[in-house]
Amino acid sequence: MKKIDIHVHTSMWENAQINQGVVLASPEQLKESYAELDVDKAFLLPLISPEWRFCAQTNEEIEFLANKYSDTFYWFCNVDPRMGKNSASTDLSAIIMHYKSRGAKGVGEVTANLRFDDPLMDNLFYHCEMCDMPVTIHIAPKKYDYYGIIDELGLPGLEKMLKKHPKLKVFGHSQCFWSHISADVTEESMSDYPVGKVTEGALVRLMRECPNLYCDVSAMSGYNALSRDNDFAYKFIEEFGDRMFYGTDICRAYQKTYLAGWLDKAYEDGCISYDNYRSICRGNAIRVLNLDLPE
């Protein structure tokens, strides 16, 4: 089935680097990879926060690329909560609505290294909720040497935010998010890729209690959470398949990803239903982000 990639990064500049020294894939290189992965549409996410890049990307760059390659790309805008005088009273709705009017479908990937309950971060979530813009979040385990919103074991910060902003659609992502699929996660393993059988963890509970929480299954973190225990993953998909999105989180050229093959096999082997397979591959993105595409 043709897939929609909910999470990918690129640049309009040749040899543009992220702070690990990795050169970002060009749009043309992404499209080559997509031909192999059966991806026909994708969402470009700007990298604007200094924790993630030593040279921040602009929303305008990503808007330009989405318009130039409109046959393939949609885009999210990104808003750092420290924008606008670094104040918790900044009217971020004005910024968000500007980009929404230009075609942005959501906000993210938010990687600012602040706590969920930081007044600046809460201000961002408030305005995303008011503007009806979904937000993709990357969670980190601590301040310094990480990028992402800071949370603790068990994801109490995420839980509080979800319940404080019940109309905000939150796309969860990162090792710290996905490691909590299992109750055996520890402070040491929450930012890694745990292995072994899964017993229901905090993520499962939050998915049941918070209908505004969605799963961005991109990167190795999402794939690892599912593939570490196939039997549990199939049950997870049957319960939450209407709130899961296929993604790659490709950064560098021709980066290997494995989720597409795993999903295809799970469906072909009869382990997940056609409805959930279709929903994860493309249906949820079309429905939640109001895309004018056939399912």
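The values are calculated or read from the model by the stated rules, or taken from the named source; none is laboratory data. Every value quoted in this text rests on a predicted model; they were computed, and no experiment measured them. Heads up, the Cβs are rebuilt from the backbone with ideal geometry, glycines too, and the neighbour counts pull from every protein chain shown.
Here are the numbers:
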| item | result |
| --- | --- |
| Among (1) of a type in the set (Gly, Ala, Ser); (2) free of Cβ contacts under 8 Å to residues at least 60 places away in the same chain; (3) within 13 Å of LYS3 (Cα to Cα); (4) outside any helix (DSSP H, G or I) - the single one GLY283 does not satisfy | (4) |
| Verdict on LEU293 being closer than 23 Å to ALA104 by Cβ and touching a residue at least 24 places away in the same chain (Cβ under 8 Å) | yes |
| Search result, residues across the range 72-102 that are in a loop (DSSP other than H, G, I, E, B) and without any contact (Cβ under 8 Å) to a residue 60 or more places away in the chain | THR72, ASN78, VAL79, ASP80, PRO81, ARG82, SER87, ALA88, SER89, THR90, ASP91, ARG102 |
| Qualifying residue in the range 246-256 (condition: hydroxyl-bearing (Ser, Thr, Tyr), surrounded by 15 or more Cβ atoms within 10 Å (Cβ to Cβ), at pLDDT 95 or above and closer than 24 Å to LEU289 by Cβ) | yes |
| Pair list, Cβ under 6 Å, 6 or more apart: the range 118-141 residue closer than 16 Å to LEU162 by Cβ and in contact (Cβ under 8 Å) with a residue 24 or more places away in the chain, other residue polar (S, T, N, Q) and buried (at least 24 other Cβ atoms within 10 Å of the Cβ) | HIS138/THR111; HIS138/SER174; ILE139/SER174 |
| Where SER218 falls short, out of the listed (1) among the hydroxyl-bearing types (Ser, Thr, Tyr); (2) more than 30 Å from ARG53 (Cα to Cα); (3) touching a residue at least 60 places away in the same chain (Cβ under 8 Å) | (2) |
| Filter result for LEU206 (at negative phi, in a loop (DSSP other than H, G, I, E, B) and under 17 Å from the mean Cα position of the chain (by Cα)) | no |
| The range 257-280: number of residues that are part of a helix (DSSP H, G or I), surrounded by fewer than 22 Cβ atoms within 10 Å (Cβ to Cβ) and out of contact with any Leu (no Cβ under 9 Å at 6 or more places or on another chain) | 7 |
| Index of the failed condition, PHE232 passing every other in (1) surrounded by 19 or more Cβ atoms within 10 Å (Cβ to Cβ); (2) more than 24 Å from GLY103 (Cβ to Cβ); (3) not small (Gly, Ala, Ser) | (1) |
| Residue ID - farthest from the chain's Cα centre (by Cα), chosen from residues in the range 226-253 that are more than 19 Å from LEU45 (Cβ to Cβ) and hydroxyl-bearing (Ser, Thr, Tyr) | TYR234 |
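Quick grid of which residues meet (1) in a loop (DSSP other than H, G, I, E, B); (2) touching a Pro at 6+ places or on another chain (Cβ under 9 Å); (3) surrounded by fewer than 16 Cβ atoms within 10 Å (Cβ to Cβ):
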{"site": "LYS105", "(1), (2), (3)": "yes, yes, no"}
{"site": "GLU109", "(1), (2), (3)": "no, yes, no"}
{"site": "GLU129", "(1), (2), (3)": "no, yes, no"}
{"site": "LYS160", "(1), (2), (3)": "no, no, yes"}
{"site": "LYS167", "(1), (2), (3)": "yes, no, yes"}
{"site": "PHE177", "(1), (2), (3)": "no, no, no"}
{"site": "HIS180", "(1), (2), (3)": "no, no, no"}
{"site": "VAL185", "(1), (2), (3)": "yes, yes, no"}
{"site": "GLY196", "(1), (2), (3)": "yes, no, yes"}
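So that you can scan it fast, the table gives a plain yes or no per residue for (1) farther than 21 Å from LEU291 by Cβ; (2) of a type in the set (Asp, Glu):
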{"site": "TRP52", "(1), (2)": "yes, no"}
{"site": "LYS68", "(1), (2)": "no, no"}
{"site": "THR72", "(1), (2)": "no, no"}
{"site": "ASP91", "(1), (2)": "yes, yes"}
{"site": "LEU120", "(1), (2)": "yes, no"}
{"site": "LEU124", "(1), (2)": "yes, no"}
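Each row is one residue, and each column tells you yes or no for (1) assigned to a helix (DSSP H, G or I); (2) in contact (Cβ under 8 Å) with a residue 24 or more places away in the chain; (3) surrounded by fewer than 14 Cβ atoms within 10 Å (Cβ to Cβ); (4) basic (Lys, Arg).
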| residue | (1), (2), (3), (4) |
| --- | --- |
| ASN15 | no, no, yes, no |
| GLY21 | no, no, yes, no |
| GLU28 | yes, no, yes, no |
| TYR34 | yes, yes, no, no |
| ALA42 | no, yes, no, no |
| PRO46 | no, yes, no, no |
| ARG53 | no, yes, no, yes |
